[in-house]
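What follows is one structure encoded as structure tokens, with my remarks underneath.
The values are calculated or read from the model by the stated rules, or taken from the named source; none is laboratory data. Remember, predicted model here, so these are calculated numbers, not experimental data. Glycine gets a Cβ as well: all are built from the backbone with ideal geometry, and neighbour counts include every protein chain shown. Only protein heavy atoms, including side chains, enter the accessible area calculation; ligands, DNA and RNA are left aside. Shrake-Rupley method; radii C 1.70, N 1.55, O 1.52, S 1.80 Å.
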Amino acid sequence: MTELKHHLATRRSISIPDIKAPAPEGEELDQILRLAVRVPDHGKLAPWRLILIRDDASALLGKTMADIAESNEGPLSEARRAFELDRFTRAPLVIVVVSRAAPHFKIPEWEQVLSAGALTMNLIHAMGAHGYAATWLTEWPAYDEGAKAALGISPEEKVAGFLYVGTPADERSERPRPELSQIVTLAKG
């Protein structure tokens with residue numbers, strides 16, 4: 001239990017430039033994914049799925065995102081184009097968490113959405129338990145239908161987040177957290 005308490009007390013995201021190779025793969029990645037899917041999932045719907053981006057697909061999808069951004073916005077600056085080209089190569093593994101929440105006769109969509117969020121956080125914890133870093137972002141490709149289609153995500157699905165995964169280059173530093181007195185209240189009855 002002490003290890004878990006320490007992990008929760010020290011967990012924090014790190015900037016993507018501080019995420020280096022290696023990232024988990026093979027059986028180790030399978031173990032992490034099996035841990036991550038152990039989330040509340042009322043009705044056993046598995047209202048989420050994962051897309052793994054690594055290796056050659058990272059650069060190919062970056063080119064696609066640059067082309068989509070240019071189609072949407074007009075000519076991109078050299079810096080912006082370079083950023084889009086590198087979008088999925090910034091970490092050795094990018095995991096897209098896709099929410100498949102949909103109307104159901106028994107399970108509210110909101111609970112299904114929360115399950116996708118729980119899966120995303122479980123992935124972060126499982127990565128940390130194995131010594132890896134995972135940073136959760138949602139950027140414009142999460143909301144653009146062309147980008148989603150290029151990633152194999154249907155219009156009915158939503159991106160819960162992109163997890164940039166690898167090995168932390170440096171020790172994670174702490175950041176300010178909210179004071180409990182500012183965020184916790186007692187119900188009045």
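Scan the range 157-167 and tell me whether some residue there is over 14 Å from the mean Cα position of the chain (by Cα), under 30 Å from residue 44 (Cα atoms) and at pLDDT 95 or above. Give the derivation first.
If we filter the range 157-167 for residues that are over 14 Å from the mean Cα position of the chain (by Cα), which is where we start, we get 157, 167.
Retained after the next criterion (residues that are under 30 Å from residue 44 (Cα atoms)): 157.
Cutting the leftovers down to at pLDDT 95 or above gives us 157.
Checked against the condition, which is being over 14 Å from the mean Cα position of the chain (by Cα), under 30 Å from residue 44 (Cα atoms) and at pLDDT 95 or above, the range 157-167 yields at least one hit.
Look through 174, 179 and report the one residue that is farther than 19 Å from residue 46 by Cβ, touching a residue at least 40 places away in the same chain (Cβ under 8 Å) and open to solvent by 80 Å² or more (accessible area, probe 1.4 Å). First the steps, then the outcome.
Numbers: 179 fails: touching a residue at least 40 places away in the same chain (Cβ under 8 Å).
That would be 174, the only listed residue that is farther than 19 Å from residue 46 by Cβ, touching a residue at least 40 places away in the same chain (Cβ under 8 Å) and open to solvent by 80 Å² or more (accessible area, probe 1.4 Å).
For residue 45, are the conditions met, namely being open to solvent by less than 70 Å² (accessible area, probe 1.4 Å), of a type outside the set (Asp, Glu), in contact with a helix residue (DSSP H, G or I) (Cβ under 9 Å, 6 or more places away or on another chain) and in contact (Cβ under 8 Å) with a residue 60 or more places away in the chain? Outline the logic, then answer.
Details: open to solvent by less than 70 Å² (accessible area, probe 1.4 Å): yes; of a type outside the set (Asp, Glu): yes; in contact with a helix residue (DSSP H, G or I) (Cβ under 9 Å, 6 or more places away or on another chain): yes; in contact (Cβ under 8 Å) with a residue 60 or more places away in the chain: yes.
Against the criterion (open to solvent by less than 70 Å² (accessible area, probe 1.4 Å), of a type outside the set (Asp, Glu), in contact with a helix residue (DSSP H, G or I) (Cβ under 9 Å, 6 or more places away or on another chain) and in contact (Cβ under 8 Å) with a residue 60 or more places away in the chain), residue 45 qualifies.
If I ask for residues that are in contact (Cβ under 8 Å) with a residue 24 or more places away in the chain, open to solvent by less than 40 Å² (accessible area, probe 1.4 Å) and either among the charged types (D, E, K, R) or closer than 18 Å to residue 65 by Cα (or both), which ones from the range 93-148 would you list?
The answer is 93, 94, 95, 96, 97, 98, 141, 144, 146, 147.
Looking at (1) closer than 12 Å to residue 125 by Cα; (2) among the aliphatic types (A, V, I, L, M); (3) at pLDDT below 95; (4) surrounded by 13 or more Cβ atoms within 10 Å (Cβ to Cβ), can you tell me which one residue 8 breaks?
Evaluating residue 8 over (1) closer than 12 Å to residue 125 by Cα; (2) among the aliphatic types (A, V, I, L, M); (3) at pLDDT below 95; (4) surrounded by 13 or more Cβ atoms within 10 Å (Cβ to Cβ) leaves (4) as the failure.
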